[in-house]
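A.B. asks: My questions all concern the structure below.
The values are calculated or read from the model by the stated rules, or taken from the named source; none is laboratory data. The model shown is predicted, which means the values in this text are computed figures rather than measured ones. Heads up, the Cβs are rebuilt from the backbone with ideal geometry, glycines too, and the neighbour counts pull from every protein chain shown.
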Amino acid sequence: YIAYTDTHYNIWITNLETKQSSIIATDSYAHPNRSMNPKWSPDSKWVAYAKQQESHFKSIFAYNIDSKKTIRLTDPLADAITPVWDASGKYVYTLASTNYGLQSGWLDMSSYDPEVTRSLYAIVLNAEDKAPVLPKSDEETVEAKTDSDTNKKENDNTSVVVKIDEAGLLDRSIAMTLPDRNYVALLEGPKHTVFVAESVPNTRGLTVHHYDVEKLKATEFASGVSQMVATADRKSVLLNQNNNWHLVDTKSPPKPGEGKLKIDIKTKLVPKAEYKQIFKEGWRFMRDFLYVDNVHGAPWNEVYQWYSPWIDHVRHRTDLNYVVDIMSGEVAIGHSYVSGGDMPDVDRVPVGLLGCDLKLNKGAFQITKIFNGERWNPEIESPLGLPGINVTEGDYLIAINGKMLSSNTNPYQLLEQTAGREITITVNNKPTANGARDILVKPVSNERSLRYIDWVEGNRRKVDELSNGKLAYVYVPNTSGNGFTSFNRYYFSQQDKKGAVIDERNNGGGSAADYMVDVMSRELYGYFNSKANDNRPWTGPIAGIWGPKVMIINERAGSGGDLLPFMFKKKNVGPLVGTRTWGGLVGTWDTPRFIDGGRMVAPRGGFFNVDGEWDVEGIGISPDIEVIQDPKLTSQGRDPQLERAVEEALRLLETQEFKLKAEPKAPIRWKRPEGYDKDN
């Protein structure tokens, strides 16, 4: 028999003799992690796997190929993953979590913060077997060994027979003596041992522990591991460690460099044949992985006939991407990205950047703006913004590393190969070398972060000025990690404001930003007094901005950037100002890579609303107040959408301003029955 999974989250068993196949299990949801991977028991009679329940928590099951019976091995109140059989057939090991909680909403931003930890468990399959953690006597026992015993041990070919007793099985998941941590996977080892992979913060790759079930002891086996697989006899493991493959023994941790495989493989290929294969794979991916089965009504077999002849004329990998992209465009769907592949190596010349704007003035290059990195941005470097550099806006860049600049010189040519290296620039407050000064600086390779934070902080200051300090400005660049960080940074640090302008223009998407909308739609339930200073009370909940909120949207906000204003509007948090969003709300997960590493996305998850109608994709979210960025005004440094959002928030503030309740008069709760003072 062989066991395998398919595109549609089924586990199949195929009998190689009869050539008959059958589905033994189907996952409950199309989770992109695809954790339902079958594991054969030592006697090849059972297949164990982790399956999602309707609760989104995973449980471990075992299927018997003879009886066709499926048995649940774990209680559904914990999220259990990565089952592994012990070589003895007595136990199935699993990693389980009881604080999985919001992580079950993997697509939602509310799953970002909660920390998930897992513990190692051994499931005792046979009711007659003992838990591996039973107390053991420390007294040594001596047993007489005969030659026949030794012979038997050395030549033990007795087959393992796995027996699973259902009665009381859910109570036989026994916690091992291993501290709960962020363990992510298990791998089978020799009898009574298992390998446990841990994700350690700020560490590259996984740390793999070798756990001895009899000794109840874990030792570090390897670190920096990205992949690891065991041989069928469990005596060796093949692991990828720091981008190198090693074949090592499972008995003890490998020494540095031990078992390293020298891999020098070259593959000859016929580009045209590979291009045809990739084109057909792309066609099949869209047919098999798209979120609906009808390919949006496109005559998919005919589409293949239309475009497959084009491949005969492909001469470069970018040509192939173009054809695949055109083909996928027949589906009329957003997110059908095509990129990458086996491209020729191109030598890139890195150019150093000074983090400033230059303009040609009086025959010399004048510094018109210096991007200083603003405040509280440790990851952003500003070459000219450090105290002590003493370069100011209006100064002239006279020379770079001693080479004079002129109107015919491209200054960036002199900055080639300087990123991250100390160089000398010559500057002056006039466009001549007379009286100029030399300054040691370190150019950066990219100014994106410098210019981004300058734009954000410029908007924040503008909102503060236009609202006379009443409104907060919060920019949300996307709905992934950076957007989560930006929202938390700017929203909660301005809780003293009376309202907020939420700017999600150009939002690149990511997750479903339920967390942001939940925070912005919080309702006040009361106060807790604070006996300090002027007795200003705490609001309940404490964290929040309680006044009106306005969101700015535009046509370059999409995906999660479509869903955020959709939810904002659905929850009646406030009005939307700007232009209609992109209208691309489908998922990008789960499509396999092409054989050469290229990518084509067959969007996997489509969105429909509570009325049962497909929504947002191809539609977008319309603003309540449409404001188009007039080129004439933007060229003057104006931002019509931002200005209109501030105007609307201030208008709402006239009737929706939140005012703290003063602490009431101290209560009198002391009581005694009348006449108590006369009672003897």
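A.B. asks: With the condition kept exactly as written, say whether any residue in segment 580-593 is touching a His at 6+ places or on another chain (Cβ under 9 Å), touching a residue at least 60 places away in the same chain (Cβ under 8 Å) and among the small types (Gly, Ala, Ser).
C.D. replies: Scanning segment 580-593 turns up at least one residue that is touching a His at 6+ places or on another chain (Cβ under 9 Å), touching a residue at least 60 places away in the same chain (Cβ under 8 Å) and among the small types (Gly, Ala, Ser).
A.B. asks: Can you name every residue in segment 409-441 that is assigned to a loop (DSSP other than H, G, I, E, B), free of Cβ contacts under 8 Å to residues at least 40 places away in the same chain and farther than 21 Å from Gly394 by Cβ?
C.D. replies: Asn410, Glu422
A.B. asks: A further question follows. Restricting attention to segment 603-621, does a residue exist that is within 21 Å of the chain's Cα centre (by Cα) and over 20 Å from Gly508 (Cβ atoms)? Full working, then the answer.
C.D. replies: If we filter segment 603-621 for residues that are within 21 Å of the chain's Cα centre (by Cα), which is where we start, we get 603-607.
Now narrow it down to the ones that are over 20 Å from Gly508 (Cβ atoms): none.
Checking segment 603-621: not a single residue is within 21 Å of the chain's Cα centre (by Cα) and over 20 Å from Gly508 (Cβ atoms).
A.B. asks: Condition test on Glu657, is it of a type outside the set (A, V, I, L, M) and surrounded by fewer than 16 Cβ atoms within 10 Å (Cβ to Cβ)?
C.D. replies: On the way: of a type outside the set (A, V, I, L, M): yes; surrounded by fewer than 16 Cβ atoms within 10 Å (Cβ to Cβ): yes.
In short, yes.
A.B. asks: Here is a follow-up. Which of the numbered conditions does Ala25 fail, given that it passes all the others? Conditions: (1) at pLDDT 95 or above; (2) touching a helix residue (DSSP H, G or I) at 6+ places or on another chain (Cβ under 7 Å); (3) more than 16 Å from Asp79 (Cβ to Cβ).
C.D. replies: Result: Ala25 fails condition (2) only.
A.B. asks: Further, regarding this structure: Going through segment 632-647 one residue at a time, which ones are loosely packed, with under 13 Cβ neighbours inside 10 Å and not in a helix (DSSP H, G or I)?
C.D. replies: Ser635, Gln636, Gly637
A.B. asks: Output the residues belonging to segment 606-618 that are assigned to a loop (DSSP other than H, G, I, E, B) and either touching a Lys or Arg at 6+ places or on another chain (Cβ under 6 Å) or surrounded by fewer than 16 Cβ atoms within 10 Å (Cβ to Cβ) (or both).
C.D. replies: Start the filter on segment 606-618 by keeping residues that are assigned to a loop (DSSP other than H, G, I, E, B), which leaves 607, 609-613, 615-618.
Across segment 606-618, the qualifying residues are Asn609, Val610, Asp611, Gly612, Glu613, Gly618.
A.B. asks: Within the set of pairs 6+ apart or on separate chains, which have a first residue in segment 114-128 that is without any contact (Cβ under 8 Å) to a residue 60 or more places away in the chain, a second that is in a loop (DSSP other than H, G, I, E, B), and C-beta atoms under 6 Å apart?
C.D. replies: Val124/Ala131; Leu125/Ile164; Asn126/Lys163; Asn126/Asp165; Ala127/Asp165
A.B. asks: Right, here's the next one. Looking for whichever is under 26 Å from Asn482 (Cα atoms) and at pLDDT below 95 here; the options are Asp590, Asp562, Asp534. Which one fits? Step through it out loud before you land on a result.
C.D. replies: Details: Asp562 fails: at pLDDT below 95; Asp534 fails: under 26 Å from Asn482 (Cα atoms).
Criteria check complete, one pass: Asp590.
A.B. asks: Name the residue that is surrounded by the fewest Cβ atoms within 10 Å (Cβ to Cβ), counting only residues in segment 12-28 that are among the small types (Gly, Ala, Ser) and within 32 Å of the chain's Cα centre (by Cα). Step through it out loud before you land on a result.
C.D. replies: Quick first cut of segment 12-28, residues among the small types (Gly, Ala, Ser) only: 21-22, 25, 28.
Cutting the leftovers down to within 32 Å of the chain's Cα centre (by Cα) gives us 25, 28.
Details: Ala25: 18, Ser28: 14.
Step by step, filter segment 12-28, then rank; the result is Ser28.
A.B. asks: Okay, moving on. Being of a type in the set (Ser, Thr, Tyr) and in contact (Cβ under 8 Å) with a residue 40 or more places away in the chain is the filter; apply it to segment 179-222 and report the residue that is nearest to Lys90 (Cα to Cα).
C.D. replies: Of segment 179-222, the ones of a type in the set (Ser, Thr, Tyr) are 183, 193, 199, 203, 207, 211, 219.
Imposing the further condition that a residue be in contact (Cβ under 8 Å) with a residue 40 or more places away in the chain reduces the set to 183, 193, 211.
Working: Tyr183: 23, Thr193: 12, Tyr211: 16 Å.
Filtering first and then ranking leaves Thr193.
A.B. asks: Out of the residues in segment 299-324 that are without any contact (Cβ under 8 Å) to a residue 60 or more places away in the chain and under 29 Å from the mean Cα position of the chain (by Cα), state the one that is surrounded by the most Cβ atoms within 10 Å (Cβ to Cβ).
C.D. replies: Of everything passing the filter in segment 299-324, Tyr322 is surrounded by the most Cβ atoms within 10 Å (Cβ to Cβ).
This table checks each residue for (1) touching a strand residue (DSSP E or B) at 6+ places or on another chain (Cβ under 9 Å); (2) outside the structural domain of Trp12 (by TED's automatic domain parsing); (3) crowded, with 22+ Cβ neighbours inside 10 Å.
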position	(1), (2), (3)
Ala30	no, no, no
Ser44	no, no, no
Ala62	yes, no, yes
Leu73	yes, no, yes
Asp86	yes, no, yes
Gln103	yes, no, no
Thr117	yes, no, no
Glu128	no, no, no
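A.B. asks: Report yes if Arg451 is under 33 Å from the mean Cα position of the chain (by Cα), not assigned by TED's automatic domain parsing to the domain that holds Gly363 and not acidic (Asp, Glu), otherwise no.
C.D. replies: In short, yes.
A.B. asks: Of the residues in segment 656-680, how many are in a helix (DSSP H, G or I) and out of contact with any Pro (no Cβ under 9 Å at 6 or more places or on another chain)?
C.D. replies: Taking segment 656-680 as the starting set, the residues that turn out to be in a helix (DSSP H, G or I) are 656, 676-678.
Subsequent filtering for residues that are out of contact with any Pro (no Cβ under 9 Å at 6 or more places or on another chain) retains 676-678.
Total satisfying the criteria: 3.
A.B. asks: Also, I was wondering about something else. Hey, does segment 214-222 have a residue that's out of contact with any Gly (no Cβ under 7 Å at 6 or more places or on another chain), modelled with pLDDT under 95, over 30 Å from Asp43 (Cβ atoms) and not small (Gly, Ala, Ser)?
C.D. replies: For segment 214-222, residues out of contact with any Gly (no Cβ under 7 Å at 6 or more places or on another chain), modelled with pLDDT under 95, over 30 Å from Asp43 (Cβ atoms) and not small (Gly, Ala, Ser): absent.
A.B. asks: While we're here: For residues in segment 454-470 being surrounded by fewer than 14 Cβ atoms within 10 Å (Cβ to Cβ) and not in a helix (DSSP H, G or I), which is farthest from the chain's Cα centre (by Cα)?
C.D. replies: Asn468
A.B. asks: Just to confirm my filter: which strands (runs of 3 or more DSSP E) fall fully inside segment 500-599 and include at least 2 residues that are of a type outside the set (Phe, Trp, Tyr) and under 28 Å from the mean Cα position of the chain (by Cα)?
C.D. replies: Values: elements: 526-528, 538-540, 549-553, 576-578.
Answer list for segment 500-599: 549-553.
A.B. asks: For a quick check of your reading: which strands (runs of 3 or more DSSP E) sit entirely within segment 57-101 and have at least 3 residues that are without any contact (Cβ under 8 Å) to a residue 40 or more places away in the chain?
C.D. replies: On the way: elements: 58-64, 70-72, 79-85, 91-97.
Passing ranges, in order: 58-64.
A.B. asks: I would also like to ask the following. Those residues that are among the acidic types (Asp, Glu) and farther than 23 Å from Gly561 by Cβ, I need them from segment 444-479; list them, please. Let's see the steps before the verdict.
C.D. replies: We begin by selecting, within segment 444-479, every residue among the acidic types (Asp, Glu); these are 447, 454, 457, 464-465.
Answer for segment 444-479, where residues must be among the acidic types (Asp, Glu) and farther than 23 Å from Gly561 by Cβ: Glu447, Asp464, Glu465.
A.B. asks: Return yes when Ala96 is farther than 15 Å from Asp171 by Cα, surrounded by 14 or more Cβ atoms within 10 Å (Cβ to Cβ), assigned by TED's automatic domain parsing to the domain that holds Asn33 and hydrophobic (A, V, I, L, M, F, W, C) and no when it is not. Step through it out loud before you land on a result.
C.D. replies: Numbers: farther than 15 Å from Asp171 by Cα: no; surrounded by 14 or more Cβ atoms within 10 Å (Cβ to Cβ): yes; assigned by TED's automatic domain parsing to the domain that holds Asn33: yes; hydrophobic (A, V, I, L, M, F, W, C): yes.
Criteria not met by Ala96.
A.B. asks: Here's another thing I want to ask about it. Spot the failing condition for Asp288; the list is (1) exposed (fewer than 12 other Cβ atoms within 10 Å of the Cβ); (2) under 30 Å from Arg604 (Cβ atoms); (3) in contact (Cβ under 8 Å) with a residue 60 or more places away in the chain, and only one is missed.
C.D. replies: (1) is the only condition that Asp288 fails.
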